[in-house]
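All remarks here apply to the structure that follows.
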Amino acid sequence: QVQLVESGGGLVQPGGSLRLSCVASGSGFSMYVMGWYRQAPGKQRELVAYITRVGNTNYADSAKGRFTISRDNAKNTAYLQMNSLKPEDTAVYSCNAGGMGHTYWGQGTQVTVSS
């Protein structure tokens, strides 16, 4: 069993930056693919980025060049560095751990981009 807790969300002006963290409890963090998803009001949840066990990354087109996903297996933590934020990035951001036949979700953290 893995529990995920996100933090780092908040209110930021357009063009600003935020760094989201996802801390995992339980064992086997390094074995999971870690992903960040977001869901804006009235929209479906979408994948923002993911990072594999060996550090390969993949980004949604909307995130390329602005967001960076990373992980620190020693700290059981995944990160999402978000730069050049836009109002359309406003959403609840959730992390996901997947692998070994299991998938786990955090509770989400709100990111609001507004002037």
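Is it the case that the stretch 61-72 has a residue that's among the acidic types (Asp, Glu), over 17 Å from Thr109 (Cβ atoms), outside any strand (DSSP E or B) and modelled with pLDDT of 95 or more? Spell out how you get there, then give the answer.
So in the stretch 61-72, the residues among the acidic types (Asp, Glu) come out as 61, 72.
Still in the list and also over 17 Å from Thr109 (Cβ atoms): 61, 72.
Next, only the ones that are outside any strand (DSSP E or B) stay: 61.
Still in the running and modelled with pLDDT of 95 or more: 61.
Yes, that holds for at least one residue.
Which residues, counting only those in the stretch 73-88, are open to solvent by 50 Å² or more (accessible area, probe 1.4 Å) and either modelled with pLDDT under 95 or not in a loop (DSSP other than H, G, I, E, B) (or both)?
Residues satisfying the conditions are Asn73, Ala74, Lys75, Gln81, Pro87, Glu88.
Does any residue in the stretch 1-21 that is farther than 17 Å from Gly35 by Cβ come within less than 7 Å, Cβ to Cβ, of a residue that is basic (Lys, Arg) and open to solvent by 30 Å² or more (accessible area, probe 1.4 Å) six or more places away or on a different chain, and which pairs are these?
Pro14/Lys86
Could you tell me whether Gly15 is part of a loop (DSSP other than H, G, I, E, B) and farther than 16 Å from Ala97 by Cα?
Judged against the criteria, Gly15 is a match.
Within the stretch 22-49, how many residues turn out to be free of Cβ contacts under 8 Å to residues at least 24 places away in the same chain and surrounded by 13 or more Cβ atoms within 10 Å (Cβ to Cβ)?
Of the residues in that region, 2 qualify.
The values are calculated or read from the model by the stated rules, or taken from the named source; none is laboratory data. Being a predicted model, the structure only gives us computed values, none of them experimental. In this analysis, Cβ positions are derived from the backbone assuming ideal geometry, glycine residues included, and neighbour counts consider all displayed protein chains. Ligands, DNA and RNA are excluded from the accessible area calculation, which covers all protein heavy atoms including side chains. Shrake-Rupley method; radii C 1.70, N 1.55, O 1.52, S 1.80 Å.
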